[in-house]
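First the structure, in the form of structure tokens, and then the observations on it.
Derivation of every value follows stated rules applied to the coordinates shown; laboratory data play no part. Every value quoted in this text rests on a predicted model; they were computed, and no experiment measured them. Cβ placement follows ideal geometry from the backbone for every residue including glycine, while neighbour counts extend to all protein chains displayed.
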Amino acid sequence: MSDKVTGKIFVLGDNIDTDQIIPAQYLNLLPTDPEERKKLGSYALVGLPKNSLSFIEEGQYEASCPIIIAGKNFGCGSSREHAPISLNAAGVRLIIAESYSRIFFRNSVNAGLLYPFTSSKRLCDEMKTGEEVEVDLDAKTFTHKPSGKVYHLDSLGDAETIIQCGGIFEYAKKYGTN
Amino acid sequence: MGMTITEKILANKSKRTTVQPGENVWVDVDVLMTHDVCGPGTIGVFKEHFGSDAKIWDKEKVVIIPDHYIFTADEKSHRNVDILRDFANEQSLKYYYDVGTSNYKGVCHVALVEEGHTRPGEVMFGTDSHTCTAGAFGEFATGIGNTEAGFIMGAGKLWLKVPETMKFIFEGELPPYVMAKDLILKIIGDIGVDGATYRSMEFSGDGVYSLDMEERMTLCNMVIEAGGKNGVIAPDERTLDFVKKRSNKPFEVVLNDEDAKYHSVKAYRSSEIEPMVAKPHSPDNKALARELKDVKLSQAYIGSCTGGKMADFKAAARLLKGHKVSIKTIVVPATKEVEEGLKSETIDGTSLWDIFLEAGTEGIGKPGCQACLGGPLDTFGRLNQEEICISTTNRNFPGRMGSRQSQVYLASPLTVAASAITGRITDPREYME
Ligand code: SF4
């Protein structure tokens, strides 16, 4: 991983479940079909409560924020891989949350879709949607541009190797399954 | 050092003598289940990586059960079932339960049990988070995504991090007004929706062992609502009798070692548990049914893998018999076998089916997931407006059962039935004493 991700953040709270990330009525879309995958992206996070900011503008397929900041238990609920897929299709590169539900975390890692980072600091109370940040994937640091503050990201452990390989298939080819 | 059931199963299936929590191991898979929502994506991943004419690793170990979007006019949903059917044919799958045939079953987690796919000591993965239900049979079962399932289809194994085990014990006999749903809502309310993340939840105690297999399934079904990786109950005579009737495959019973180490052990006195409710919009938003008397309802829903089994309908019918519901009440059997059971099972000479109809429910829905997950707009029982619903299902996230404007309260079949009569959240004891 030798890159940096710069862009705006979209800030969410605790327990963002998979029905909010991609509501069940869109699960008939097939992630392996490129057109339908794009559509899944356009519905990313449309299940947020009705007074929330929209993640994707009307008529768009991609979000203006490639980074999500969230609280605890991000991605709880169903096993639908449509959830990290829709975020990936909408242009999300990484999430920084306090914690994840395990299936969402595994899906993101094993499909090589996005980096589910954790930060021991509760960032979602300190930051606002639309603010610019820079994430250094090498140094595992995260700079909040409005304040100039630098935060550390926790290591992803073994999961990082899997994402770096591009997912479980490549990982298994490289390291075997014993 | 001793191991818990979960650790032992994972050690056996990764061909090790011992494993420790936190270790990553590759385990051999006994059953892989998928359905119409995640099956097409899984098949897509499998073909992309193993080749378009690849064969799955074992055609008797993959079970495909369409159940989610069945009774709808939605064309994409039909297309998805077509993909499953083509795949089942192409791979000569032994276990494909097709829609529109006499082989159709209904909700996967209940169908897996009825069709004999759950056995002690095995490892089951499913592309559905409630795959943890099968832990009631003393096996390791958990939900996974399409990519992982696509990998298993070709490789027959998957890496897992060995979880620590949290043990929950219910001491003493359960009162007649308390059901498994109350026990699990109590636990989730106490530990929170992420209270068991990455851990195994084991249930024990004579309160648990007095439950029939369907009620034990309800306990394990909702561990995912506490973030749990798997739920498990050590097999007893009842488990073995049940499994032997449904499956003729040999299996190995795995039990906890005496000196197994747990993350934590929490004991409850069964007699102190009261009928529980999870308020909108989170399964850990707990309250006692009797504290919510002022909540007016517009709908009651009895169904799903959590609350649509025979044990659930027997309890609800026992309470509803001789009463009329005052709000829209939806009854959806989980599977065809349950649907048939509603007709054959009687209370004082009246079938459960007739008890529900006489009580004034909106007919009886066709077996499947139906409105448990909202689904296409024409789904039976879907909450389409600002409905306030009490439900035997497992999730009450915003919009889970349809409209984001609706509110869902989760409760046991007894509490849902009592509330359907009054139109307000009602403690079932009001109709039982
Ligand atoms: S009944 Fe509900 S929870 Fe169970 S498998 Fe179907 S949608 Fe999921």
Legend entry - Cα-centre dipole for chain B with unit charges at Cβ (Lys and Arg positive, Asp and Glu negative), debye to 20: 440
Legend entry - With eigenvalues of the C-alpha gyration tensor scaled by 5 and rooted, chain B, Å: 33, 27, 19
Legend entry - Rounded to 5, percent antiparallel among DSSP beta bridges of chain A: 50
Inset, instruction - Please work out the FRET efficiency for the pair B:MET1 and B:ARG269, using the Cβ-Cβ distance as r and a Förster radius of 30 Å; give the result to the nearest 0.05. - result: 0.50
Legend entry - Shape call, the protein assembly as shown: gyration tensor on alpha carbons, a/c limit 1.5: rounded
Legend entry - Positive-end extreme of charge dipole, the range B:378-427 - chosen from B:GLY399, B:ALA420, B:TYR409 (charges on Cβ): B:GLY399
Inset, instruction - Kindly put B:GLU7, B:GLU387 in sequence by how many other C-beta atoms sit within 10 Å of each C-beta, fewest to most. - result: B:GLU387, B:GLU7
Legend entry - Average other protein chain Cβ within 10 Å of Cβ, residues A:66-79: 5
Legend entry - Backbone N under 12 Å from the B:GLU358 label point (7 Å along Cα→Cβ), restricted to the range B:323-339: B:323-324
Inset, instruction - Report the local net charge at A:SER64: Lys and Arg +1, Asp and Glu -1, summed over other residues whose C-beta lies under 9 Å from its C-beta. - result: -1
Legend entry - Expected 222 nm ellipticity per residue - DSSP helices of 4 or more, -39500 (n - 2.57), all of chain B, to 500: -8500 deg cm²/dmol
Legend entry - Check: the protein assembly as shown dipole with +1 on Lys, Arg Cβ and -1 on Asp, Glu Cβ, in debye: 360
Inset, instruction - Quick one: order B:MET33, B:MET401, B:MET276 by neighbouring beta-carbon count within 10 Å, fewest to most. - result: B:MET276, B:MET33, B:MET401
Legend entry - Principal semi-axes in Å for the range B:1-98 [√(5λ), Cα gyration tensor, largest first]: 33, 16, 12
Legend entry - Test item: Cα-centred dipole of the range B:386-432, Lys/Arg +1 and Asp/Glu -1 on Cβ, debye: 160
Inset, instruction - With a point put 7 Å past each Cα toward its Cβ, work out how far B:ASN103 is from B:LYS293 in nm, to one decimal. - result: 5.5
Legend entry - Test item: A:101-113 mean partner chain Cβ contacts at 10 Å: 6
Inset, instruction - Within 10 Å of each residue's Cβ, count the other Cβ atoms and sort B:MET153, B:MET3, B:MET213 from fewest upward. - result: B:MET213, B:MET3, B:MET153
Inset, instruction - Show the residues, 5+ positions off or on another chain, whose built amide H is closer than 5 Å to the amide H of B:VAL232. - result: B:MET201, B:GLU202, B:PHE203
Inset, instruction - Take the Cα gyration tensor of the range B:82-158, multiply each eigenvalue by 5, square-root it, and list the three semi-axes largest first, rounded to whole angstrom. - result: 21, 17, 11
Legend entry - Unit Cα scatterers, Debye sum, chain A: log10 I(q)/I(0) for q = 0.14, 0.18 Å⁻¹: -0.72, -1.20
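Taking each residue of A:16-26 in turn, how many C-beta atoms of other protein chains fall within 10 Å of its C-beta, and what is the average?
The shielding value for this peptide is 6.
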Legend entry - Leading residue at positive end of dipole, the protein assembly as shown (Cβ point charges), from A:GLY166, A:SER79, B:TYR262: A:GLY166
Legend entry - Rounded Å value of the spacing that divides the Cα centres of the range B:5-66 and the range A:1-79: 27
